[in-house]
Structures are given as C-alpha cells and as structure tokens.
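Take a look at the structure set out below.
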Amino acid sequence: MVKSEMAKPLLGDESSSSAASCVLSCGDTIGILGTGDFARSLATRLLYSGFKIVVGSRNPQRNAALFPADAEVTYQEEAVKRAQLLFVAIFREHYSTLSALSDALSGKTLVDVSNNLEINVNSESNAEYLAALFPQCTVVKAFNVVSAWALQAGPKDGNNQVLICSDSPDARSRIASVGRSMGFLPVDMGALCASREVENIPLRLLPLWRMPCALALGLFIFFYLYNFVRSVLHPYLVENRNVFYKMPLELMNVTLPCVAYILLSLVYAPGILAALYQLHNGTKYKRFPGWLDEWMVHRKQMGLASFFLAALHAVYSLCLPMRRSARYQILNDAVKQVKNNVTSSWVEEEAWRMEIYISLGIMALGILALLAVASVPSVGNSLNWKEFTFIQSKLGFAALVVGTLHTLTFGWKRAFDWSRYKFYLPPTFTLTLVLPFIIILARIVFLLPCVNTKLMKIRRGWEKDKCVTFTVPGDASTEGSSNV
C-alpha cells in the first residue's frame, strides 16, 4: 500500500478529495443551537477538546451562567453567522422556530442530536424532518446515542461510539473528526435514511435481555409451582400439616438453583445443536435456522442471568439458619433426642455429603463469577481471542460439570427413594439433571477422534462431496483440483 494512502481517513470516500480540507481541527468554531442539559454537556466536552464554542439562545442573558466561562452565549442569529457547523440541540417540535434563520443557515452543516419519546412515533426521522425544513443545509444525524453524562465524564468503555449518518460523505467525515477529537469512536452508518434506526437505538430497553428474562421468568414460575405442589400442597392435603411458611424463603431457595442450572445448560445447548447441524449437512456454509441464530445471540445474557440467580441462591442459603422456623426445628429435634435417650445424632455419610455438596457449590459459583467478570466489556477487551474463548467455553463448561456434581451430591440416593415422589412427581433435582446430562454426554462424544476430526475439517472449510480447486503460488504446472 502506498504510504500516502495510509494517511487517508477511514470515513469518507476516495472521490471526495476535498474531504480533508473540510475536517475541523482544534481551535475552529462550532455552534450549538439550544441551552438544555445536553447542549451544556456538549459545549463542555467540545471546549475540553480544544474547539471554540458559540451557543445560540433566544435569551442569552438568562442562560449564559449555565455554560462554562469559555463558551460564548449569544443570540441564535449571531451563532449561526459565526459557525459553519452547528449542533441542533432542540426538540423536534421546536425545529420550526429556526425558520426565520433559513437564509443564514444556507450552506451550513446541521448536526441533529435529538431523540423521540417512543419508537417510530413519526413516519420520518427527526433528522429527515430537519433536512426537509432546510433543504439548503447539509444535515447529519450524530451523538444521539451518547448521553449527557457520557459527554461530561468522557467516553468510557462500551459507551464510546458515535453513530453518524448523512447523505454527504464530506459531512460524515467532518463529524467523525469532531467525534475523534472528543475521544469517541465514530461509526459510519451511511445515508441519512439510516437515522430512523439510529434514533430508535436509545429507546430500546435492554433488547438483548427480553428473551433471557422471559425464559428465566417462565422457568422460575414452573419450578416454583412444581416445588409448591411437592413441598407445601402435598403435606397439607395428605398429612394435614401446614408448611406454607416455606413459601417466602425455602421454596425460593430451592427454585433459584434450578433456574440457574437450566439457564447455564441452555448457554451451551446451541453449540451442540450447531455442531450436529454442521455434521449433518457436511458444510459450514449453510446458514443455521433463524431460531438457532437468535438463541446463540442471547447466550451471554443467559449466562449472566444464571450467575445472578446462583448468587441469590447462595445468599438465600446463608440465611436459612437465621430463620425462626429453623431454630424451632433444632429445638424440636433436640427434645426428641433427649426423650429417645440418644447421645449422638452424628451421621458420617450425611456429614461428608453436605461438606462436598457445599464445596462444589462454592466452586461452581466462583467459576460463574469469573465468566461474568470476563463478560464486562473493559475486561473482555483486554483479553485476546484464545483467552476469551478459553474462559467462556472451557471454564463455562467446567462450571456446568461442577454444577452437575453439586446437584448429584445434593440428590445422593433420594432419586431411588419412593417416599420422595410426592403425588408421583419425581424430586426437582432429577428434572434439572436431564438437559445438562445430555449436553455433557454430547460434548464427550464430540471429543472422540472420529467425530472431532470431521467437525474440525468442516469448520476449516471442508465440504461433503465437494472438490476444492487451488493453485500453488509460483508454480503454474501444479495447478489443478484436489479433494480436501
């Protein structure tokens, strides 16, 4: 590559030779129309980045004290005359108030930073509406996904992207240079029509969490009701014992690990299904079904939800001995022991089982905590790809195995005790073990050389019943085709 080409900006196109001359540098004047919270934060960040700021206000005397001393607050007409680049930091319904400045705005670049209160509330985006009002101006949509807090504090980790779209490549390049000067990472989103999607981004409430949260809630309701029938309703109807006091704490503590365990299993289930799909088709170039793609996208959120529920389970478990009902039970057992003249109630097997059970639970929670920390953007960005995949794949699967051992130690012989089958329903832990056992067995099968070798060949480009044509560099006589 020619050295001069290395100096070209990433944003912008080759045909726009004048783009470099349009890029703003520190010391240039930038205008801001508006005096709200975002306008004040934007002015502060631009000043820190070395730009001169002129703020256009309908009442500069009242609003001047709200801005830094180095920012010049004047009337809108004066601000428009002083700057070629203007940030429009006012609401959509106030765009029409700028109509009187139409002539002065001609040829200027307007950066729309506004957002709506609801998704797709209008047929056109705010930026498109602004462009229609002022066709003689170049309109850019940018900085709407950046909060006023991020502008004040500076870009932090995952909150450092500035999405930019405009019909003018020169204008996109110009705003990108301003964003880089402010410490943000500009992302070119293309033409102005993309502003419809860009304006919807800040209005979405945790879009990647909806499916995992709905799944966790559904699993929680199922297991809670299942445990309620077995542990509360059965004693009440069959033994005439009132144990409804277990609902707030004990039933919660039994339900939470079930949901966490199943969610962790569901994190690694799509990888198994994807491998089976590739082995069946004999290629990696056939797309997965839509539902499988969607499932794989949400694995991180399901893993974090699993860690959250497992942490709650640990807290609930620590609180179990603090219950008044637990104290009553200890006293009742002590009285029975005295009446029966029992000098020691020590059971060696039970003591060992509980020690191992608790130890395995702590280990599983610790590994899940490591996975959660590695999912934080600042931590994940510091890891190379091999380190990240080792933590998320190898250690994640280790967490599933340790969790399975934790569950098996808890169940011990109870699965073979008929008295544990309330209303003919098996103990809860036996239900939770089904999916993890399938996943663990599938992973073991995939480690077999005959299966693993074929799967690795497919993931490196091999296709069933296909011929790959290749050319050896520098030797035309070796050209030909070969089966890989």
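The values are calculated or read from the model by the stated rules, or taken from the named source; none is laboratory data. Not measured: the values here are computed from a predicted model. No Cβ is skipped: glycine too gets one built from the backbone with ideal geometry, and neighbour counts run over all protein chains shown. Side chains are part of the model used for accessible areas, which takes the heavy atoms of the whole protein and leaves out ligands, DNA and RNA. Shrake-Rupley method; radii C 1.70, N 1.55, O 1.52, S 1.80 Å.
By the rule of a C-alpha distance below 23 Å, with chain neighbours fewer than 8 residues away ignored, the lysines paired with residue 300 are 156, 284, 386, 394.
Answer rounded, prolate or oblate for the chain, using the Cα gyration tensor with square roots of eigenvalues a ≥ b ≥ c: rounded when a/c is under 1.5, else prolate when a/b is larger than b/c, else oblate. Because a/c hits 1.5 or more and a/b fails to exceed b/c, the chain counts as oblate. In the chain, a dipole from Cβ-located charges (positive for Lys and Arg, negative for Asp and Glu) runs towards its positive end, and of 243, 33, 260 it is 243 whose Cα lies farthest in that direction. Rounded to the nearest 0.05, what FRET efficiency do residue 133 and residue 29 have when you use their Cβ-Cβ distance and R0 = 25 Å? Taking R0 as 25 Å, the efficiency between residue 133 and residue 29 is 0.60. When the chymotrypsin sites (Phe, Trp or Tyr not before Pro) in the stretch 410-468 are filtered for DSSP coil states and for at most 12 other beta-carbon atoms within 10 Å of their beta-carbon, the remaining sites are 423, 424.
3J(HN,Hα) couplings calculated from phi for the stretch 293-308 with the Karplus curve 6.51 cos²θ - 1.76 cosθ + 1.60 (θ = phi - 60°) are, in sequence order, 4, 5, 4, 5, 5, 9, 5, 4, 5, 5, x, 5, 5, 4, 5, 4 Hz; Gly and Pro show x. Spacing of the modelled spin labels on residue 104 and residue 234, each 7 Å from Cα toward Cβ, amounts to 8.0 nm. Equivalent ellipsoid of the stretch 265-359: semi-axes from √(5λ) of the C-alpha gyration tensor, largest first, are 51, 17, 9 Å.
The chymotrypsin sites (Phe, Trp or Tyr not before Pro) found in the stretch 332-391 that occupy coil by DSSP, while having at most 12 further C-beta atoms within 10 Å, are 346. Which angle from 0 to 90°, rounded to the nearest 10, does the C-alpha axis of helix 210-228 make with the longest principal axis of the chain? Rounded to the nearest ten degrees, it is 20. Using a Förster distance of 22 Å, how high is the FRET efficiency between residue 242 and residue 341, based on the Cβ-Cβ distance and rounded to 0.05? The pair residue 242/residue 341 has a calculated efficiency of 0.15.
Using a/c under 1.5 as the rounded threshold, could you call the stretch 182-288 rounded, prolate or oblate? The axes a ≥ b ≥ c are square roots of the C-alpha gyration tensor eigenvalues, and prolate needs a/b larger than b/c, oblate otherwise. Because a/c hits 1.5 or more and a/b fails to exceed b/c, the stretch 182-288 counts as oblate.
Calculated on the alpha-carbon coordinates, the convex hull of the stretch 316-397 measures out at 112 cubic angstrom per residue.
Computed with a 1.4 Å probe over protein heavy atoms only, the accessible surface of the stretch 28-147 comes to 44 Å² per residue.
Counting only alpha carbon atoms, the long axis of helix 449-459 and the longest principal axis of the chain meet at about 20°.
Kirkwood Rh over Cα pairs of the stretch 88-190 into Stokes-Einstein at 37 °C, 0.692 mPa s: D in µm²/s? Rounded, D is 229 µm²/s. Taken about its Cα centre, the chain carries a charge dipole of about 1720 debye when Lys and Arg each add +1 at the Cβ and Asp and Glu each add -1 at the Cβ. Of the peptides 167-175, 373-381, the order by per-residue mean of other Cβ atoms within 10 Å, starting with the highest, comes out as 167-175, 373-381.
What do you get for the angle between helix 37-48 and the principal long axis of the chain? Use alpha-carbon atoms, 0 to 90 degrees, nearest ten. The two axes meet at around 70 degrees.
Please state the shape class of the stretch 40-87: rounded when a/c is under 1.5, otherwise prolate if a/b exceeds b/c and oblate if not, all from the C-alpha gyration tensor. Oblate shape, in that a/c is at least 1.5 and b/c is the bigger or equal ratio.
The order of the peptides 318-324, 68-74 by mean Cβ neighbours within 10 Å, most packed first, is 68-74, 318-324.
A protection proxy built from the mean count of other Cβ atoms within 10 Å ranks the segments 394-403, 108-117, most packed first, as 108-117, 394-403.
For the stretch 116-176, a crude dipole built from +1 on the beta carbon of Lys and Arg and -1 on the beta carbon of Asp and Glu, taken about the Cα centre, is about 220 debye to the nearest 20. Over all pairs of different C-alpha atoms in the stretch 355-402, the reciprocal of the mean inverse distance, the Kirkwood hydrodynamic radius, equals 11.2 Å.
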